[in-house]
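Q: This is the structure, below, for whatever I ask next.
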């Protein structure tokens with residue numbers, strides 16, 4: 001079951017400069033501030049900065065799902081191609097990414 005898009009992650013080249021920009025833009029300090037990820041929470045939305053964007057050229061929206069493996073299988077059956085299989089990123093969060101038929105990358109996220 002889709003539960004909305006609560007997470008958008010931006011690939012960044014300079015995490016320090018990006019942190020200054022997004023802190024100013026969002027008017028908040030990050031709740032997570034690590035060399036590999038900086039995260040902001042604004043209401044029910046999370047904005048993340050990823051210095052290891054794996055070649056991404058734009059933001060990646062993560063759709064919240066209740067069963068990531070079932071959702072991933074359903075999307076593959078609908079023609080999606082897996083970019084990153086289910087991965088545990090800690091704190092009870094699982095993520096995966098797929099490409100649709102037009103090459104757009106979409107993220108899935110399951111939190112416990």
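The values are calculated or read from the model by the stated rules, or taken from the named source; none is laboratory data. All of these numbers come straight from a predicted model, not from anything done at the bench. FYI the Cβ positions are ideal-geometry reconstructions off the backbone, even for glycines, and counts take in every protein chain you see.
Q: Restricting to the range 34-46, what's the tally of residues that are touching a residue at least 12 places away in the same chain (Cβ under 8 Å) and surrounded by 14 or more Cβ atoms within 10 Å (Cβ to Cβ)? Can you show your working first?
A: To start, the set of residues in the range 34-46 that are touching a residue at least 12 places away in the same chain (Cβ under 8 Å) comprises 35-38, 40-42, 44-46.
Checking which are surrounded by 14 or more Cβ atoms within 10 Å (Cβ to Cβ) leaves us with 37-38, 40-41, 46.
Total satisfying the criteria: 5.
Q: So which strands (runs of 3 or more DSSP E) are wholly in the range 1-73 and hold at least 1 residues that are more than 12 Å from the chain's Cα centre (by Cα) and more than 16 Å from residue 93 (Cα to Cα)? If you could, list the steps in order and put the result at the bottom.
A: Values: elements: 7-11, 32-34, 37-42, 45-50, 60-64.
The strands (runs of 3 or more DSSP E) meeting that bar are 32-34, 37-42.
Q: Which residues, taken from the range 84-112, are farther than 15 Å from residue 7 by Cα and either surrounded by 13 or more Cβ atoms within 10 Å (Cβ to Cβ) or under 10 Å from the mean Cα position of the chain (by Cα) (or both)?
A: If the condition is that a residue be farther than 15 Å from residue 7 by Cα and either surrounded by 13 or more Cβ atoms within 10 Å (Cβ to Cβ) or under 10 Å from the mean Cα position of the chain (by Cα) (or both), then 84, 86, 98, 99, 100 are the ones that fit.
Q: Does residue 65 meet the test of being surrounded by 13 or more Cβ atoms within 10 Å (Cβ to Cβ), in contact (Cβ under 8 Å) with a residue 60 or more places away in the chain and in contact with a strand residue (DSSP E or B) (Cβ under 6 Å, 6 or more places away or on another chain)? It would help to see each step written out before you state the result.
A: Working: surrounded by 13 or more Cβ atoms within 10 Å (Cβ to Cβ): yes; in contact (Cβ under 8 Å) with a residue 60 or more places away in the chain: yes; in contact with a strand residue (DSSP E or B) (Cβ under 6 Å, 6 or more places away or on another chain): yes.
Yes: the conditions hold for residue 65.
Q: If you go through the range 18-33, how many residues are in contact with a strand residue (DSSP E or B) (Cβ under 6 Å, 6 or more places away or on another chain), over 26 Å from residue 112 (Cα atoms) and either in the same structural domain as residue 97 (by TED's automatic domain parsing) or surrounded by fewer than 16 Cβ atoms within 10 Å (Cβ to Cβ) (or both)?
A: Count: 1.
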